[in-house]
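**Q** One structure coming up, written as structure tokens, with questions to follow.
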Amino acid sequence: MRKDVRRRRGAWHPALGAFGWSAFACGVLLAGVPAARAADLRVCVDSSSAAVARDRSVAERVATQAGLTLVVAPFDGSGGGQDGFALKKFTQLLTSRCDLVMGYPIDTSGGEAPPGLLTTKPYAQTGFVLVDAPGTVARSLAELPAGTEVAITGQTAPALYFAANPNVVPDIHDSDADTMQSIAKGQAKAAMIWQPTVEQYERTPGAVKLATYPLDEPHARYDLVALYLPAAAPAARLSNATKIAMTNQPSPGGAAPALYTKAQAAIGLGKFIGNCAMCHGAHLEGRSGPSLKGPNWASEKADYTVGEVFTMVSQQMPATAPGSLENADYVNIMAYLLQQNGYPAGDAMLNFDQATGSTVKLRWHGGS
Ligand code: HEC
């Protein structure tokens, strides 16, 4: 089993069995997709992907910003199969059906685009997460009691994590649906699964709310990008669309804008605990450093902008080792601070430059 996973892991996708594109047949793709007008932005989305709703909404925003009519061409990227995915299928999609293929996951520990294709900037972060069943309290594999069975879907990257974590034992399921069921029903105490699968489950009626934590293991974190052909880049419609930094739209009417993604805030929580909580409190309540949450901090009186706070944090914090964290860590911590001060998560990732330049006022928008 494990040998099998290692062999497959080198392939383009972390979860070939459940989330692979291996079986999408050309016949399916070519049938039933409307022909596009020249001025449209045509995107392909994997209708079998748990992240398809996000892929669509990001494409909608890009098209709106570029002033283009969006044509969405769904394809079925599901299915098993031993051969793995023929990467040339992406090229086929891009030559026949669409300008962009949404939702391609790039392993943040060194993944690459399929040969010959270009990628947009990442528009979301995702990956495999630890899911606690109701009653389980563990933020990492290491915190689970010895002998805990952890549900996973066969042929996915988390199968590799048991070797380094001898306290946990694999409980292997055939599909992501089975893995989710076993955790929702409490048959398994914890699971490791592709994060969009959890989000998809949580949108189903009667779903149990589950706590998820990003995994720090290798090949657990992915950036979602869109693929396109180099030859297509000069075309005005595409260069417009790909040039648009998938930035955040302030929401109308003075409501708190969505500046970051849920995944960024989740990662930010971990970074905050590791680097900031000793002085600012595990719940941002303040200790030797001030509280970083609530109406007194994010106030009209203090009148900070997000950019000012971020610049201060990235240059002066942690107070004992200013500037010592990675840029991405600072950004994710900012996402966590925004989340804790009542800003909603959105589809687009916050990046370092946006955070530094943000003129959004830091105000308390309520929260827990
Ligand atoms: C060793 C203790 C310590 C650590 C670790 C630390 N801070 Fe601070 N922080 C402080 C102190 C003390 C202040 C107040 C400094 C001042 O007012 O001059 C402060 C101020 C701040 C402020 C400004 C608050 C305000 O209202 O002006 C922010 C924001 C902040 N810290 C965020 C962070 C973040 C994020 C981290 C982790 C990356 C972090 N700090 C790590 C001690 C610490």
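**Q** Go through (1) in contact with a strand residue (DSSP E or B) (Cβ under 9 Å, 6 or more places away or on another chain); (2) crowded, with 17+ Cβ neighbours inside 10 Å and name the single condition Asp178 misses.
**A** Of the numbered conditions (1) in contact with a strand residue (DSSP E or B) (Cβ under 9 Å, 6 or more places away or on another chain); (2) crowded, with 17+ Cβ neighbours inside 10 Å, the odd one out for Asp178 is (2).
**Q** Counting just the residues of the stretch 300-311 that are of a type outside the set (Ser, Thr, Tyr) and closer than 18 Å to Leu350 by Cβ, which one comes out nearest to the ligand (Cβ to nearest atom)? So that I can check it myself, show each step before the final result.
**A** Going through the stretch 300-311, the residues of a type outside the set (Ser, Thr, Tyr) turn out to be 300-303, 306-310.
Subsequent filtering for residues that are closer than 18 Å to Leu350 by Cβ retains 306-310.
On the way: Val306: 11, Gly307: 12, Glu308: 9, Val309: 5, Phe310: 9 Å.
Only one residue fits best here, namely Val309.
**Q** Out of (1) open to solvent by less than 40 Å² (accessible area, probe 1.4 Å); (2) at pLDDT 90 or above; (3) more than 27 Å from Ala124 (Cβ to Cβ), what's the single condition that is false for Gly294?
**A** Among (1) open to solvent by less than 40 Å² (accessible area, probe 1.4 Å); (2) at pLDDT 90 or above; (3) more than 27 Å from Ala124 (Cβ to Cβ), the lone unmet condition for Gly294 is (2).
**Q** Here's a follow-up. Looking for something among the hydroxyl-bearing types (Ser, Thr, Tyr) and at pLDDT 90 or above - is there at least one such residue anywhere in the stretch 226-238?
**A** No, every residue in the stretch 226-238 fails to be among the hydroxyl-bearing types (Ser, Thr, Tyr) and at pLDDT 90 or above.
**Q** Does Tyr330 satisfy the criteria of being under 23 Å from Ser57 (Cα atoms) and either within 24 Å of the chain's Cα centre (by Cα) or not assigned by TED's automatic domain parsing to the domain that holds Thr261 (or both)? Let's see the steps before the verdict.
**A** Numbers: under 23 Å from Ser57 (Cα atoms): no; either within 24 Å of the chain's Cα centre (by Cα) or not assigned by TED's automatic domain parsing to the domain that holds Thr261 (or both): yes.
In short, no.
Residue by residue, here is whether (1) among the small types (Gly, Ala, Ser); (2) open to solvent by 40 Å² or more (accessible area, probe 1.4 Å); (3) under 21 Å from the mean Cα position of the chain (by Cα) holds:
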{"site": "Gly147", "(1), (2), (3)": "yes, yes, no"}
{"site": "Phe162", "(1), (2), (3)": "no, no, no"}
{"site": "Ala184", "(1), (2), (3)": "yes, no, no"}
{"site": "Thr197", "(1), (2), (3)": "no, no, yes"}
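**Q** List the number of the failed condition for Leu68; all other conditions in (1) at pLDDT below 85; (2) surrounded by 17 or more Cβ atoms within 10 Å (Cβ to Cβ); (3) in contact with a Phe, Trp or Tyr (Cβ under 8 Å, 6 or more places away or on another chain); (4) more than 30 Å from Leu269 (Cβ to Cβ) hold.
**A** Single failed check for Leu68: (3).
**Q** Could you grab me the full set of residues in the stretch 132-153 that are under 17 Å from Pro218 (Cα atoms) and part of a loop (DSSP other than H, G, I, E, B)?
**A** Within the stretch 132-153, Arg139, Ser140 meet the criteria.
Quick grid of which residues meet (1) away from the ligand (no atom under 12 Å from the Cβ); (2) touching a residue at least 24 places away in the same chain (Cβ under 8 Å):
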position: Thr261; (1), (2): yes, yes
position: Lys271; (1), (2): no, yes
position: Ala277; (1), (2): no, no
position: Pro290; (1), (2): no, no
position: Ala298; (1), (2): no, yes
position: Thr320; (1), (2): no, no
position: Tyr330; (1), (2): no, yes
position: Gly346; (1), (2): yes, yes
position: Gln354; (1), (2): yes, yes
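**Q** Could I ask something else about it? Restricting the search to the stretch 114-131, which residues are part of a loop (DSSP other than H, G, I, E, B) and more than 17 Å from the chain's Cα centre (by Cα)?
**A** Restricting attention to the stretch 114-131, the residues satisfying the condition of being part of a loop (DSSP other than H, G, I, E, B) are 114-117, 120-123.
Matches in the stretch 114-131: Pro114, Pro115, Gly116, Leu117.
**Q** If Gly206 passes every condition in (1) open to solvent by 40 Å² or more (accessible area, probe 1.4 Å); (2) assigned to a strand (DSSP E or B); (3) of a type in the set (Gly, Ala, Ser) but one, which one does it miss?
**A** It is condition (2) that Gly206 fails.
**Q** For the stretch 71-99, enumerate the residues that are over 25 Å from Asp176 (Cβ atoms) and either at pLDDT 80 or above or among the β-branched types (Val, Ile, Thr) (or both). Steps first, please.
**A** Of the residues in the stretch 71-99, the ones over 25 Å from Asp176 (Cβ atoms) are 71, 88, 91-92, 94-99.
Result: Val71, Thr91, Gln92, Leu94, Thr95, Ser96, Arg97, Cys98, Asp99.
**Q** Does any residue in the stretch 173-189 that is without any contact (Cβ under 8 Å) to a residue 24 or more places away in the chain come within less than 7 Å, Cβ to Cβ, of a residue that is crowded, with 22+ Cβ neighbours inside 10 Å and among the small types (Gly, Ala, Ser) six or more places away or on a different chain, and which pairs are these?
**A** His173/Ala151
**Q** Return yes when Asn341 is more than 9 Å from the ligand (Cβ to nearest atom) and not assigned by TED's automatic domain parsing to the domain that holds Arg56 and no when it is not. First the steps, then the outcome.
**A** On the way: more than 9 Å from the ligand (Cβ to nearest atom): yes; not assigned by TED's automatic domain parsing to the domain that holds Arg56: yes.
Yes, satisfied.
The values are calculated or read from the model by the stated rules, or taken from the named source; none is laboratory data. Worth saying up front: this structure is predicted, and the values here are computed from it rather than measured. Virtual Cβ from ideal backbone geometry, glycine too; neighbours counted across all protein chains shown. What goes into the accessible areas is simple: the full protein's heavy atoms, side chains included, and nothing from ligands, DNA or RNA. Shrake-Rupley method; radii C 1.70, N 1.55, O 1.52, S 1.80 Å.
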